[in-house]
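Below you'll find the structure, written out as structure tokens, and then a few comments.
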Amino acid sequence: MERRELFSFLSSSVKEAAEKNKNETVIIRPPYFNDADAFVTECQNCEAQCATLCQEQIIFIGEDRTPYLDFSKRGCTYCDECATVCPSDVLLVANKRKIFADIVINQDKCLSWQGVMCFSCKDPCFEDAIDFKAMFMPEINGKCTSCGFCISRCPADAIDILKVSE
Ligand code: SF4
Ligand code: SF4
Ligand code: SF4
């Protein structure tokens with residue numbers, strides 16, 4: 001497969017995945033669990049210290065009384081606090097891992113992909129995980145930790161969260 005064809009194929013695959021995820025509610029968990037079922041069995045009677053003590057205040061408790069991350073204002077610093085305070089070991093520092101989500105730039109909505117100079121997503125990224133080609137066409141590279149800090153900074157709401165299997 002030619003390089004251009006490969007790029008086009010990868011680009012359309014990401015778009016298809018983004019389209020599929022639009023209709024799904026993406027639930028993102030704090031990055032310290034080993035067993036996803038434990039949220040359902042262990043969190044019901046907890047006072048949700050993880051949400052109270054999250055330094056970035058991005059942990060919220062859903063109607064099912066389980067915690068999820070909301071990147072609409074800030075992102076996760078992987079500070080370990082939620083895992084340290086969890087009384088039921090649903091979250092454990094020893095289980096620290098990358099957040100189960102892929103962060104992708106929606107090329108149809110991104111200003112830079114439409115030819116407008118914009119670096120709003122690059123500035124908050126501590127990992128240098130967003131590459132620009134000749135100052136345009138940003139793409140997220142393999143250094144991304146899925147921390148979510150870039151999402152709220154995009155003026156075009158062009159950064160999508162794709163669910164990955166836990
Ligand atoms: S690691 Fe820190 S910033 Fe991330 S969700 Fe837990 S408490 Fe919040
Ligand atoms: S502190 Fe632990 S047990 Fe309590 S809601 Fe958070 S994850 Fe669940
Ligand atoms: S590109 Fe990845 S590492 Fe950089 S701010 Fe966005 S989510 Fe975080």
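The values are calculated or read from the model by the stated rules, or taken from the named source; none is laboratory data. Everything numeric here is computed off the predicted structure, so don't read it as measured data. Here the Cβ is made from the backbone with ideal geometry for all residues, glycine too, and neighbour counts use every protein chain on show. Areas reflect the complete protein model, heavy atoms only, side chains present, ligands, DNA and RNA absent. Shrake-Rupley method; radii C 1.70, N 1.55, O 1.52, S 1.80 Å.
Worth pointing out:
- C-alpha center-to-center spacing [segment 146-160, segment 44-92] in angstrom: 20
- For the chain, the longest principal axis of the alpha carbon atoms and the long axis of helix 3-22 meet at an angle near 40°.
- Cα-centred dipole magnitude for segment 57-146, charges only on beta-carbon of K, R (+1) and D, E (-1), debye, nearest 20: 120
- A probe of 1.4 angstrom, applied to the heavy atoms of all protein chains, finds residue 40 with accessible area near 90 square angstrom.
- Loop-located trypsin sites (Lys or Arg not before Pro) in segment 98-166 (DSSP state other than H, G, I, E, B) with a sparse environment of at most 14 neighbouring Cβ atoms within 10 Å: 98, 143.
- Just so you know, the averaged projected area of the alpha carbon convex hull for the chain sits at 10.5 nm².
- Restricting attention to the chain, lysine pairs at least eight places apart or on different chains and with alpha-carbon atoms under 12 angstrom apart total 4.
- Lys/Arg +1, Asp/Glu -1 at C-beta; the chain dipole; positive extreme among 95, 83, 115: 115
- Debye intensity ratio I(q)/I(0), log10, segment 70-130, q values 0.14, 0.21, 0.23, 0.30 Å⁻¹ (C-alpha model): -0.59, -0.98, -1.10, -1.37
- Electrostatic dipole magnitude of the chain [Cβ: Lys, Arg +1; Asp, Glu -1; Cα centre; debye, to 20]: 520
- Percentage of interatomic Cα-Cα distances in segment 37-95 larger than 13 Å: 57
- Probe 1.4 Å, accessible area per residue of segment 127-166, Å²: 52
- Each residue of segment 131-140 was assigned a 3J(HN,Hα) from its phi angle through the Karplus expression (A = 6.51, B = -1.76, C = 1.60, θ = phi - 60°), giving 9, 10, 9, 6, 6, 9, 6, x, 9, 8 Hz with x at Gly and Pro.
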